[in-house]
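**Student:** Below: one structure in structure tokens.
The values are calculated or read from the model by the stated rules, or taken from the named source; none is laboratory data. Remember, it's a predicted structure, so these values are computed and weren't measured experimentally. With ideal geometry, Cβ positions are generated from the backbone for all residues, glycine too; neighbour counts draw on all protein chains shown.
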Amino acid sequence: MGRLDGKVILVSAAAQGIGQATAIAFAKEGAKVIATDINESKLRDLENYSGIQIRVLDVTKKEQIENLAKDIERIDVLCNIAGFVHHGTILECKESDWDFTMSLNVHSMYLMIKTFLPKMLAQKSGNIINMSSVASSIKGVVNRFVYSTSKAAVIGLTKSIAADFIEQSIRCNCVCPGTVDTPSLRERICARPNPDQALKDFLDRQKTGRMATAEEVANLFVYLASDESAYMTGNELIIDGGWSL
């Protein structure tokens, strides 16, 4: 018996990194996973896993989300993982950077939850897990102005959903990682003027001496998706190796 047997779980940003590791972990625990991403070629890597079906989806597009919802009769868990990390202070943040970050990191969750929550209410149960970050209202982080702003908003969104629908058997939590070794992080490191120094800077701030793996964060998603966490709602769960201490 898997910890998620029979559960239907929708995951965004499943083509790589934390999203991919989470989709795989869900499937291994017996869930029926609908793995979505905007990147179809990378998403196809998940077709090799039993229990996972893939769907191309841009979570910033309301029409695409609504079309997907028409094909999903039941949803037990909604995992909003899609996001973008902008590097810089407010002075380096153009208005277009602000708009894109808030659209992908926050507005997409609004669209996804507003679309799929009615299905959960109709079936009288549901579980929403959002991706936030330690770089948010939890901790001020240098050069993460708009990213931290967006992730603080996710914490507020999470608590609001949890409070509004707790009596309808809907729960909502968010995961707040520190630095996670993912392809997107490596891409951002390589994009810096001095990649070697950028990597050193990331490692120097890790109190455990290493970054988290995507699989470690995925394990927390599995716990939140399972009935083991049935009495938890409205929480921001930190997984950062002590960085925020």
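**Student:** Give all pairs with beta carbons closer than 7 Å in which a residue from the range 39-52 that is within 14 Å of V11 (Cα to Cα) meets a residue that is at pLDDT 95 or above and in a loop (DSSP other than H, G, I, E, B); count only pairs at least 6 apart in sequence or on separate chains.
**Tutor:** N39/A15; L43/A14; L43/A15; L46/A14; G51/A31
**Student:** When you check Y223 against the structure, is it free of Cβ contacts under 8 Å to residues at least 24 places away in the same chain, part of a loop (DSSP other than H, G, I, E, B) and closer than 21 Å to M120 by Cβ, yes or no? So that I can check it myself, show each step before the final result.
**Tutor:** On the way: free of Cβ contacts under 8 Å to residues at least 24 places away in the same chain: yes; part of a loop (DSSP other than H, G, I, E, B): no; closer than 21 Å to M120 by Cβ: yes.
No, not satisfied.
**Student:** Conditions: (1) more than 26 Å from L224 (Cα to Cα); (2) touching a Cys at 6+ places or on another chain (Cβ under 6 Å). I129 meets all but one. Number of the miss?
**Tutor:** Unmet condition: (1).
**Student:** Identify the residue in the range 228-244 that is of a type outside the set (A, V, I, L, M, F, W, C) and without any contact (Cβ under 8 Å) to a residue 60 or more places away in the chain and, among all such residues, is surrounded by the fewest Cβ atoms within 10 Å (Cβ to Cβ).
**Tutor:** Residues of the range 228-244 of a type outside the set (A, V, I, L, M, F, W, C): 228-229, 231, 233-236, 240-242, 244.
Pick out the ones that are also without any contact (Cβ under 8 Å) to a residue 60 or more places away in the chain and you get 229, 231, 242.
On the way: S229: 18, Y231: 7, G242: 10.
Taking the candidates together, the pick is Y231.
**Student:** Condition first: within 18 Å of N80 (Cα to Cα), part of a strand (DSSP E or B) and modelled with pLDDT under 95. Can you find one or more residues in the range 179-186 that meet it?
**Tutor:** yes
**Student:** Just to be sure, is K124 within 26 Å of Y223 (Cβ to Cβ) and among the charged types (D, E, K, R)? Spell out how you get there, then give the answer.
**Tutor:** Values: within 26 Å of Y223 (Cβ to Cβ): yes; among the charged types (D, E, K, R): yes.
Yes: the conditions hold for K124.
**Student:** For A152, state whether it is free of Cβ contacts under 8 Å to residues at least 40 places away in the same chain, at negative phi, surrounded by 20 or more Cβ atoms within 10 Å (Cβ to Cβ) and not polar (S, T, N, Q). Walk me through it before giving the result.
**Tutor:** Details: free of Cβ contacts under 8 Å to residues at least 40 places away in the same chain: yes; at negative phi: yes; surrounded by 20 or more Cβ atoms within 10 Å (Cβ to Cβ): no; not polar (S, T, N, Q): yes.
Here the answer is no, as A152 does not meet what is asked.
**Student:** Let me ask something else about it. For the range 117-126, name all the residues that are part of a helix (DSSP H, G or I) and buried (at least 20 other Cβ atoms within 10 Å of the Cβ).
**Tutor:** Going residue by residue through the range 117-126, those that are part of a helix (DSSP H, G or I) are 117-123.
Passing the criteria: L117, M120.
**Student:** Pick out the one residue from V33, V106, V11, V56 that is without any contact (Cβ under 8 Å) to a residue 24 or more places away in the chain and of a type in the set (V, I, T). Break it down stepwise before answering.
**Tutor:** Details: V33 fails: without any contact (Cβ under 8 Å) to a residue 24 or more places away in the chain; V106 fails: without any contact (Cβ under 8 Å) to a residue 24 or more places away in the chain; V11 fails: without any contact (Cβ under 8 Å) to a residue 24 or more places away in the chain.
That would be V56, the only listed residue that is without any contact (Cβ under 8 Å) to a residue 24 or more places away in the chain and of a type in the set (V, I, T).
**Student:** Tell me yes or no: at least one residue of the range 81-91 is among the hydroxyl-bearing types (S, T, Y) and surrounded by fewer than 17 Cβ atoms within 10 Å (Cβ to Cβ). Let's see the steps before the verdict.
**Tutor:** If we filter the range 81-91 for residues that are among the hydroxyl-bearing types (S, T, Y), which is where we start, we get 89.
Applying the additional criterion that residues be surrounded by fewer than 17 Cβ atoms within 10 Å (Cβ to Cβ) yields 89.
Looking for residues that are among the hydroxyl-bearing types (S, T, Y) and surrounded by fewer than 17 Cβ atoms within 10 Å (Cβ to Cβ), one finds at least one in the range 81-91, hence yes.
**Student:** Sticking with this one: Which condition number does M211 fail, the rest of (1) touching a residue at least 40 places away in the same chain (Cβ under 8 Å); (2) buried (at least 19 other Cβ atoms within 10 Å of the Cβ) being met?
**Tutor:** Of the numbered conditions (1) touching a residue at least 40 places away in the same chain (Cβ under 8 Å); (2) buried (at least 19 other Cβ atoms within 10 Å of the Cβ), the odd one out for M211 is (1).
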